[in-house]
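Shown next, in structure tokens, is the structure this report addresses.
What follows is calculated from the coordinates using simple rules that are stated; it is not laboratory data. Only a predicted model underlies this, so the values are computations on that prediction, with no experimental measurement involved. Note that each Cβ is placed from the backbone with ideal geometry, even for glycine, and that neighbours are counted across all protein chains shown.
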Amino acid sequence: MSSLTISPEEEKRVKGLGFLNNKGTDNFSARVLTVNGKITSAQHRCIAEAAELFGNGNITFTTRLSIEVQGIPFDKIDDFRNYIAKEGLKTGGTGAKIRPIVSCKATTCKFGRLDSFAISEEMHHRFFEGYNDVALPHKFKMAVGGCPNNCMKPDLNDMGIVGQLIPTHDLDKCKGCKKCKIEQVCPMDACKVVDKKITRDTNICNNCGRCVGKCPFGVVDEGTPGYKLYIGGRWGKKISIGKPLTTIFKTQEEVLDVMEKAILLYKDQGIKGERFEETIKRIGFENIEEQLLDDDLLNRKDEILNKELALAK
């Protein structure tokens, strides 16, 4: 069966549903959404069964924590979608819109500074699903990293969160130990004993929080949880490291509101075909940050969503 039997229009239509053509054939790979890279054992079994029933039995994993089932004939696409729907699974994740949210495993990781599964699931419902019908200038990728280890590379996404634990020092308790536990445990060499008192260079400290609770005398018994938000990262043919906003947000609600403002700004002020990083460069980072810390974008949400995308001149 030649791939020419499927029209370009039909191929484009099913790509919008999350089915990518296997080159040289009339078969497709189904991109199954995992919400945030976590599925149940029942969902796992369902995908495996669907791969055998409708595909060639092979399952692959994407770089954005989706699952692809290979070798599905064009006329079995609807059957596949209906089969996995019984376990609440859907296909999708393509096009110039919000892409599937990716998340590290900070919820269960000893270094995790936030509940990555919870916040990424909220982002999935609020942004991936909530903005599913919203056409953006280009694809828009978001990631959640639970700590400054950056395993999920949040700063290489259009927008990414890095969990923080900002240490609180009680210098009155410092004994000036020759072998300081805080100094020894700091991976950034930001903490040093100077004149028999511990110091922390805030220009070096990345708020990983590893020093919290390590001093036997209680110098750093507490830390303040936070969310560091990067914007304008990208990876691929052109590479850009995202830049962090100057504010470290203290609540999940705050950071999610700012993320929604960024999406609205991109929809409102981006040019079709332009990545978010290019929008930021064109408008200016300081201008963008000022808008993200203001409420005007959220107040104009309905107006922005009904606006046509700007075309390049």
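Quickly work out the Asn299-to-Thr199 label distance, labels modelled 7 Å from Cα along the C-beta direction, and quote it in nm with one decimal.
Roughly 4.5 nm, to one decimal.
Taking the dipole about the Cα centre of the chain, with the C-beta of Lys and Arg at +1 and of Asp and Glu at -1, give me whichever of Cys177, Ser116, Ala85 is farthest to the positive side.
Result: Cys177, furthest along the dipole toward the positive end.
Under the √(5λ) rule applied to the eigenvalues of the Cα gyration tensor, what semi-axes describe the equivalent ellipsoid of segment 62-112? Give them in Å, descending.
Whole-Å semi-axes of the equivalent ellipsoid: 28, 14, 10.
Enter the mean projected area of the convex hull around the alpha-carbon atoms of segment 3-85, in nm², rounded to one decimal.
Result: a mean projected hull area of 5.2 nm².
Give me the one-decimal nm value for the distance between modelled label points at Thr108 and Lys178, 7 Å along each residue's Cα-to-Cβ direction.
4.4 nm
Quantify how much of the Cα-Cα distance distribution of segment 171-218 extends past 16 Å, in percent.
Value for segment 171-218 (Cα pairs over 16 Å): 29 percent.
Could you give the Stokes-Einstein D for segment 1-144 in µm² per second, using the C-alpha Kirkwood radius, 10 °C, 1.306 mPa s?
The calculation lands on 100 µm²/s.
Given labels modelled 7 Å from the Cα in the Cβ direction, how far is it in nm from Thr25 to Leu311?
Roughly 3.9 nm, to one decimal.
Hey, what does the equivalent ellipsoid look like for segment 200-245, semi-axes from the Cα gyration tensor as sqrt of 5 times each eigenvalue, largest first, whole Å?
32, 10, 9
Per residue and in cubic angstrom, what volume does the convex hull of the Cα atoms of the chain have?
Dividing the Cα hull volume of the chain by its residue count gives 161 Å³.
Roughly how big is segment 171-218's charge dipole about its Cα centre, with Cβ charges of +1 (Lys, Arg) and -1 (Asp, Glu), in debye to the nearest 20?
With only Lys, Arg, Asp and Glu charged at Cβ, the dipole is about 260 debye.
Express the relative contact order of the chain as a whole percentage, based on alpha carbon pairs under 8 Å and six or more residues apart in sequence.
The value is 13 percent.
Any idea what the dipole of the chain comes to, in debye rounded to 20, about its Cα centre with Lys/Arg Cβ at +1 and Asp/Glu Cβ at -1?
Roughly 1280 debye for the chain.
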